[in-house]
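The values are calculated or read from the model by the stated rules, or taken from the named source; none is laboratory data. Keep in mind the model is a prediction, meaning the values are calculated, not measured. Cβ sites come from the backbone with ideal geometry, for glycine too, and all protein chains shown count toward neighbours. With ligands, DNA and RNA removed, areas are computed over all heavy atoms of the protein, side chains included. Shrake-Rupley method; radii C 1.70, N 1.55, O 1.52, S 1.80 Å.
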Amino acid sequence: MENEYKKQIAILGSTGSIGTQALEVISENDSLFDVYALTANNNVDLLIEQSRKYLPEMVAIGNEDHYQKLKEGLTDLPIKVFAGEDSIAQLAEMQPIDMVLTAMVGYSGLKPTMSAIKAGKKIALANKETLVVAGELVCDLAANFNSAILPVDSEHSAIFQCLAGEGNNPIEKLILTASGGPFRTKSMRELEHVTSAQALKHPNWDMGAKITIDSASLMNKGFEIIEAKWLFGVSPDQIEVVVHPQSIIHSMVQFADGSIKAQLGMPDMKLPIQYAFTYPDRLKTNFPRFEFSLCDQFTFEKPDMERFRNLAFAYYAMDKGGNMPCILNAANEIVVAEFLKDKIGFLQMSDIIEDVLAKAEFVAKPTYDDYVKTDALVRVLTKELIK
Ligand code: MN
């Protein structure tokens, strides 16, 4: 049976890991959702394939070099084709769109997310860097333009699910779980020699390259504590990280009466994506179910911030505020890119980030232009320090 009205969804970053899984969620519920727009940065072949299958009204490719190919690939279809970073931000504002899934990688997500918020769209937020870089600005904007931000990150979706029905009940703390990544048990000496290929083998979650490296270095968890601060309005000392290598508990909330609520399930990003799309409703799924009787252990440990210093840097940046998280993010994007090319070692990533945090110019009350400037300057500074 056809629904009277289908929710019109724009996916920014449709060719990445989250984007492709979101399209699967839409396929499985095609009486509820319609793909209004798709965007990608470089993967023009997959964007063409997705567009031919989902028939969006419009598509955009960030890298303008691919415009001709995209245009030709869709020439027999009534799909509007755009290119360039600005077109992605403009497309996110289109009137018929109900929800924008922000699934692009890194700082590049900030501008289009702000455009979508200003247009009053609901945001399914998968691009955590948006809140890491400019959390205060983005949250103020969302409040002013009456735009809801729904978390897609599995930990934040878990917390969001635990908070459903709790009204204004006071939160004592948020407990974010971390898998600990592929290097959880490695010594400092071993960490000196690990390669990007080893880091790319995440034990539990199947994700893009950048976030997989961030998971191995715990920078991803560092970004997530900052993301949690903004999404849930808690103070830094109310956010705790606990390593839970089985990745079944996706995160927890401890309330003022001491009660702890947890959200559990198999690690599959399609669930948090779908929950953001359907909130406050839940839809039936066919994902594999977690079986307690088949699970022989459930373990928890404290994160080691001496071996994984990025988490300590993130707590520092969150406490310091201003443009410090933006500095952290820009430095991290550069060192991760260099590590992926095997130009620097795993531990060197943290050494360089620490150096950048000390040297970059601190701005206590940054405007949007300050963030743009900080991001550009810190990228240059980080590259200089790597040389
Ligand atoms: Mn996560």
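In the chain, which whole DSSP H runs stretch at least 18 Å along their own axis (Cα) and average 0.5 or higher on the Kyte-Doolittle scale?
Length and hydropathy pass: 129-144, 324-340, 346-359.
With a 1.4 Å probe and every protein chain left in place, work out the accessible area per residue of the chain in Å², rounded to a whole number.
45 Å²
What do you get when you divide the Cα radius of gyration of the stretch 156-320 by 2.2 N^0.38 Å, with N the number of residues?
Cα Rg divided by the expected 2.2 N^0.38 Å: 1.06.
What is the diffusion coefficient of the stretch 181-265 in µm²/s, taking the Kirkwood radius over Cα pairs and the Stokes-Einstein relation at 10 °C with a viscosity of 1.306 mPa s?
Answer from the Stokes-Einstein relation: 109 µm²/s.
If DNA, RNA and ligands are ignored and the probe is 1.4 Å, what is the ranking of Leu271, Leu294 by accessible area, most exposed first?
Listed by decreasing accessible area, they come as Leu294, Leu271.
Using the Cβ atoms and a cut-off under 10 Å, what net charge is assigned to the surroundings of Asn332, where Lys and Arg are +1 and Asp and Glu are -1?
-2
Mind telling me which of Phe160, Phe292, Phe232 comes out most flexible in a GNM of the chain, alpha-carbon contacts under 10 Å?
Phe292
Sort 318-331, 91-104, 165-178 by packing, meaning the average of other beta carbons within 10 Å per residue, with the highest value first.
318-331, 91-104, 165-178
Please label the shape of the stretch 113-174 as rounded, prolate or oblate, based on the square roots a ≥ b ≥ c of the eigenvalues of the alpha-carbon gyration tensor (a/c under 1.5 means rounded; beyond that, a/b larger than b/c means prolate, else oblate).
Verdict is prolate for the stretch 113-174.
Please report the carbon-and-sulfur percent of the accessible area for the stretch 225-346; probe 1.4 Å, protein heavy atoms only, DNA, RNA and ligands left out.
52 percent
Estimate the FRET efficiency between Asn286 and Lys365 by the formula 1/(1 + (r/R0)^6), using the beta-carbon distance for r and 56 Å for R0, to the nearest 0.05.
0.70
Take Thr212, Thr15 and sort them by solvent-accessible surface of the protein heavy atoms, 1.4 Å probe, largest at the top.
Ranking Thr212, Thr15 by accessible area, largest first, yields Thr15, Thr212.
Using 0.36 nm times the number of residues separating Asn144 and Ser31, minus their current alpha carbon distance, what extension gain do you get?
Fully extending the segment from Asn144 to Ser31 adds 37.5 nm.
Could you run the Debye sum over the Cα atoms of the stretch 240-387, one equal point scatterer each and no solvent, and tell me log10 of I(q)/I(0) at q = 0.11, 0.13 Å⁻¹, two decimals?
-0.66, -0.85
Just to be sure I understand: of the beta bridges DSSP finds with both ends in the chain, what percent are antiparallel, rounded to 5?
Here the antiparallel bridges make up roughly 25 percent for the chain.
Go through Thr20, Asn41, Tyr5 and say which Cα lies farthest out towards the positive end of the charge dipole of the stretch 1-42; charges sit on Cβ, +1 for Lys and Arg, -1 for Asp and Glu.
Checked the options; the winner is Asn41.
Springs between alpha-carbon atoms under 10 Å, Gaussian network over the chain: tell me which of Ser87, Ser179, Ser293 tops the mean-square fluctuations.
So, out of Ser87, Ser179, Ser293, the one fluctuating most is Ser293.
Report the label-to-label distance for Asn42 and Lys341 in nanometres (one decimal), using points 7 Å from each Cα along the Cα→Cβ vector.
About 1.1 nm separates the two model spin labels.
Mind ranking Trp205, Trp230 by accessible surface for me, highest first, 1.4 Å probe?
I get Trp230, Trp205, largest accessible area first.
Taking Rh as the Kirkwood radius computed over C-alpha pairs, what is the Stokes-Einstein D of the stretch 2-151 at 37 °C in a medium of viscosity 0.692 mPa s, expressed in µm² per second?
Calculated translational D: 217 µm²/s.
Name the residue, out of Arg309, Arg189, Arg52, whose mean-square fluctuation peaks in a Gaussian network model built on the chain with Cα pairs under 10 Å.
Answer for the Gaussian network model of the chain: Arg189.
Compute the signed sum of charges (Lys and Arg +1, Asp and Glu -1) over the other residues within less than 12 Å, Cβ to Cβ, of Ile117.
In short, +2.
Near Phe223, within a Cβ-to-Cβ distance under 13 Å, what is the net charge of the other residues, with Lys and Arg +1 and Asp and Glu -1?
Neighbour charge sum, excluding Phe223 itself: -3.
Give me D for the chain in µm² s⁻¹, whole number, from Stokes-Einstein with Rh from the Kirkwood sum over alpha-carbon pairs, 37 °C and 0.692 mPa s.
153 µm²/s
What's the extension gain from Phe298 to Ala197 if we count 0.36 nm per residue and subtract their Cα-Cα distance?
Length gained between Phe298 and Ala197: 33.6 nm.
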